[in-house]
1. Taking only the alpha-carbon positions of region 426-565 and ignoring solvent, what does the Debye formula give for the base-10 log of I(q)/I(0) at q = 0.11, 0.21 Å⁻¹?
2. Strictly greater than 19 Å: what percent of every Cα pair in region 56-147 meets that?
3. At 0.36 nm per residue, minus the direct Cα-Cα distance, what do residue 519 and residue 455 gain on full extension? Give it in nm, one decimal, please.
4. Do the alpha carbons of any pairs in 257/380; 175/231; 53/407; 512/555; 309/394; 211/342 sit beyond 27 Å of each other, and which pairs?
5. Please list 334-346, 161-173 highest first by mean number of surrounding beta-carbon atoms within 10 Å per residue.
6. With N denoting the number of residues in the chain, provide Rg(C-alpha) divided by 2.2 N^0.38 Å, to two decimal places.
7. Distance from a point 7 Å along Cα→Cβ of residue 425 to each backbone N in region 371-388: keep the residues under 17 Å and list them by number.
8. Please list, ordered by chain and number, the residues whose modelled amide H lies under 5 Å from the amide H of residue 151; skip anything fewer than 5 residues away on the same chain.
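The values are calculated or read from the model by the stated rules, or taken from the named source; none is laboratory data. Quick caveat, the model's predicted, so the values are computed rather than measured. Here the Cβ is made from the backbone with ideal geometry for all residues, glycine too, and neighbour counts use every protein chain on show. Heads up: the accessible areas ignore ligands, DNA and RNA and are worked out on the full protein's heavy atoms, side chains in. Shrake-Rupley method; radii C 1.70, N 1.55, O 1.52, S 1.80 Å.
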Amino acid sequence: MNDRAVSSIVRVQPRLRPALKGRQADPKALAEVRALLRDEPRRRDLLIEHLHKIQDHYGHLTAAHLTALAAEMGLATAEVFEVASFYHHFDVVKEGGDAPAEITVRVCDSLSCEMAGAQALLERLPAILGKNVRVVAAPCVGRCEQAPVAVVGQNPIGSATAEAVARVVKAKAVKSAVPQYGGYRAYRKDGGYRLAAACLAGDHDPEALVKAMENSGLRGLGGAGFPAGRKWRIVRAEPAPRLLAVNIDEGEPGTFKDRYYLERDPHRFLEGVIVAAWVCQIAEVYIYLRDEYAGCREILTREIAALQKDPPCPIPPIHLRRGAGAYICGEESAMIESIEGKRGMPRLRPPYVAQVGLFGRPTLEHNMETLFWVRDILEKGAEWFASHGRHGRKGLRSFSVSGRVNKPGVHLAPAGITVKELIAEYCGGMLPGHEFYAYLPGGASGGILPASMGNIPLDFDTLNAHGCFIGSAAIIVLSDQDKAKDAARNVMKFFSEESCGQCTPCRVGTAKALKLMAAPRWNRPLLEELSAVMMDASICGLGQAAPNPVKCVMKYFPNELEGTK
């Protein structure tokens, strides 16, 4: 063999790698992650829970810790990075980057808070708090009745002033206070869990309870309004094992009713969970709670533990899962993806979650408030619930009311009440010096109507003909000191920031719409065309409903677009 041939062989031989390919876990970071996780399972569905453990301890997520977590869980590093970077509340620090300030102050800039002065608060706080505190704008934190709201760490400050926030920051009071509420013993003493115990003892017929739920007319109170009893019937017919996923990710601007009930009577909700699980023969329960509700998380952690320690009857395993700041996870399939430890991206349907849901199993998905009413309906009878209502409607509604009224808050009122009746009878009228001008009947996505249309019954299906819907019954009241087009621009900004980015019509459409709405004169034909594409082609309800406020402004508030208001 000649020298040229030998040289050729040498050239084509592979080089030996001095190290393994890809990111390698730093031993120190790996030891720190293992110390935090202890004996917790390393299952994929616990990825978000483990990310929270690291961030809670260190205040942020470094590349070293993310790589170590991936190695510890047997996941690709990219999988861990993509999940951590998807959620707003995870602070991922790039290699060589600076860690965030020790304390973060989030100021809600959604519609109710903006109307109450959030922008002025955002402008004042950096100078008052100094460079060592990070101040950021945040989407709705679910305390619209206390607007404006700032959150120091996890500690919410209602009716916030710059001085009040500064005092909390100085005290480093970054943990949420737990409000007074009715605990397990008090609930049992008041007759709680008798219904659940009777069900598990065989004193009730599941079919009779399904019929009672159907006859009550109770519909899903998370926004979609699907009849609760029919949902039970559908899931009961699916093969076991079945799961229950409870959605408490009420991120819709203007909505805070779930928090209101959890802070006062958590076991009424938990009893509803047990009864629904028994009727539908549920194997396990997963409760998904938004990260903004730290106080509610403490309440549920305590009370689920109390329930499990001294159960009134056999109960299914109940798992409490923590969101990480993503409005899209209010959509049922995105929530399920998040519970599974993934990015919260909506699934294409069919199949529907009742057939193929959490971990691929038939899943009963419910909003928290829907389950909150189960005990009352089944103890007092379907007729009791259906007997309430006005203007031809049946049932009760928990209205989250915010904006220019004297008494914002959660108001339990008859279904079908009008917004004018709600303001006059439950909200103490308008604020002094304000006249009723417009309202959002269903939060950010439910559209905007003028005061002249304030006599429409507020219930499912009554607003559809007007390009609106009631959704989760979040009523935001505007006065003559506000503009509907400004409100529409605020909520479109929210949608553009909260789009998961999975589908082009929503990802690009919301950003394009926001840019068009910033112009002094709206390009109405282009906005109409863009809205039609978003409504027709978006995968989920975010992109489909985002154009509602825009279309309403063009239809009902033309004077604002001409600059005559």
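1. The Cα Debye sum returns log10 ratios of -0.38, -1.30.
2. On the way: 2231 of 4186 pairs.
Roughly 53 percent, once rounded to a whole number.
3. Working: separation 64, 0.36 × 64 = 23.04 nm, distance 3.26 nm.
Taking residue 519 through residue 455 to full extension adds about 19.8 nm, to one decimal.
4. Details: 257/380 22 Å; 175/231 38 Å; 53/407 39 Å; 512/555 20 Å; 309/394 39 Å; 211/342 36 Å.
In this structure, 175/231; 53/407; 309/394; 211/342 exceed 27 Å between Cα atoms.
5. Details: 334-346: 23.3, 161-173: 15.5.
Packing proxy ranking, top to bottom: 334-346, 161-173.
6. On the way: Rg = 25.6 Å, N = 565, 2.2 N^0.38 = 24.4 Å.
Normalised Rg, Cα atoms only: 1.05.
7. What the label zone holds, given the 17 Å backbone N cut-off, is 385-388.
8. Under 5 Å from the amide H of residue 151 lie the amide H atoms of 106, 107, 108, 157, each far enough along the sequence or on another chain.
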